[in-house]
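Participant: Before anything else, here's the structure in question.
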Amino acid sequence: MSASQTGACHVLQPYWDVALASVQADALRIALELDVFRLLSKPLPASAVAQQRSLHVDNTAHLLELLWSMQLLERQDCRDATGQWRYYASNIAAQYLNPDSVSYCGDAWRFRLRSLRQFGGQMDELLRSGQPGREVSESSTASAWQAAARVQICQEQRAATAGAAKSLVLRLPEFARAERLLDLGGGPGWVAIALASANKRLRGVVYDLPQAAAVARENIEREGLEQRLKAEGGDLTCDDFGEGYDLIWCSSVLHFVPDLMETLRRIKAALRPGGVLVCAHAELSDTPSAARKVMPYYLSLRMRGRLVTRDGELYQALQSVGFSELDSHSLVPFPMAPVTVLVGRRKMT
Ligand SMILES: C[S@@+](CC[C@H](N)C(=O)[O-])C[C@H]1O[C@@H](n2cnc3c(N)ncnc32)[C@H](O)[C@@H]1O
């Protein structure tokens, strides 16, 4: 029996889907650029969308139908007198793709698409010469992290990371009595802000490069938390980031340190005895289905010589620097790709 008779997919369908995803990505990019999801916070036919955005009516209808197939739009069952469906933003689009929502992450999504495509354009060169084409200076890296803290990391922390962090720490028996927090490489600070709002005794530090820490400081002040949280700037690979912490949160940071073991030793030393580290980083699985969720996003970092550990490697590293009572959770949802969350304790003595 052929594939078409059984309804099963052809074995090549996943690879055709990869090429087709590029059309969906452009459709979503254009919809964001046209601010379609805010416009469709109430139901409208394609002709009204076309009129408000000065677009071709029929092609607008085709675009909206594609967005509907992507479950970003809903459409009302009955067509109107002109035979058109009226479209409106789905719950997902309303929450994450309408700029009026606090969880909006449309700019972050467009940034990710741009940088993935830019990386795609450099992949040949990286493969041939191992170089991306141009050297990046330390100051441009620092200002890139600052820009990231203002836009993409900010939006992704508010939409996803902060909630994931909160639900993870709420499961830790130590969290309720924790008083001192360090969010190491915390960027714009929304993780620390979420943890501080979940435990009113908690005070602490968002530590990041000075340019990114300045963004965290603004956010902490905007939230009125400056009595409990401060933002400190420095280079975590060589500067002091304090000590006596009950809880250290460290997510998607260790890819950027030159000496993993040395950094883990310094993190352990910064905990008070009995303190807890929550470490959330993508790792490379030996199972294709799990690896496929992580590898595309991290290929760019890996080709630029950054560290992405293999499954279990970070666990072993934590163990070998003396963390105890380790817990591990794999494929935890995180922006762009899932991470492995490792929880380790500094022994009491
Ligand atoms: C991928 S972001 C992760 C941000 C945040 N932890 C999260 O999960 O949303 C990496 C962060 O590490 C910070 N970072 C990178 N190198 C650093 C260094 N040497 N010292 C301090 N922070 C650094 C960056 O500025 C950035 O905020």
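The values are calculated or read from the model by the stated rules, or taken from the named source; none is laboratory data. Nothing here was measured: the structure is a model prediction, and the numbers come from that model. Cβ coordinates were reconstructed from backbone atoms using ideal geometry, including for glycine residues, and neighbour counts include every protein chain displayed.
Participant: Can you pull out the residues in segment 22-56 that are more than 28 Å from the chain's Cα centre (by Cα), part of a helix (DSSP H, G or I) and surrounded by 15 or more Cβ atoms within 10 Å (Cβ to Cβ)?
Facilitator: A46, S47, A48, V49, A50
Participant: List every residue pair whose Cβ atoms sit under 9 Å apart, with the two residues 6 or more apart in sequence or on different chains, where the first one lies in segment 306-334 and is under 11 Å from H281 (Cα atoms) and the second, anywhere, is basic (K, R).
Facilitator: Here the result reads V308/R302; L331/K293, each pair linking segment 306-334 to a residue that is basic (K, R).
Participant: Residues of segment 303-349 being of a type in the set (F, W, Y) and in a helix (DSSP H, G or I), which ones?
Facilitator: Residue satisfying the conditions is Y315 alone.
Participant: Sticking with this one: S143: within 16 Å of the ligand (Cβ to nearest atom), within 20 Å of R304 (Cα to Cα), in contact (Cβ under 8 Å) with a residue 12 or more places away in the chain and part of a helix (DSSP H, G or I), yes or no?
Facilitator: Taking the combined requirement at face value, the residue satisfies it.
Participant: Now for a different question. Output the number of residues of segment 189-211 satisfying the condition of being near the ligand (Cβ under 9 Å from one of its atoms) and out of contact with any strand residue (DSSP E or B) (no Cβ under 8 Å at 6 or more places or on another chain).
Facilitator: Looking only at that region, the number is 1.
Participant: Pull out all pairs, ordered by first then second residue, where Cβ-Cβ is under 6 Å, the residues are six or more apart or on different chains, the first lies in segment 265-280 and is closer than 11 Å to D246 by Cα, and the second is surrounded by fewer than 19 Cβ atoms within 10 Å (Cβ to Cβ) and modelled with pLDDT under 95.
Facilitator: P273/M348; G274/M348
Participant: Can you give me the number of residues within segment 233-292 that are within 16 Å of the ligand (Cβ to nearest atom), among the β-branched types (V, I, T) and either surrounded by fewer than 17 Cβ atoms within 10 Å (Cβ to Cβ) or in a helix (DSSP H, G or I) (or both)?
Facilitator: Here the count works out to 3.
Participant: Hey, can you tell me all the residues within segment 156-186 that are within 15 Å of the ligand (Cβ to nearest atom) and part of a loop (DSSP other than H, G, I, E, B)?
Facilitator: If the condition is that a residue be within 15 Å of the ligand (Cβ to nearest atom) and part of a loop (DSSP other than H, G, I, E, B), then G185, G186 are the ones that fit.
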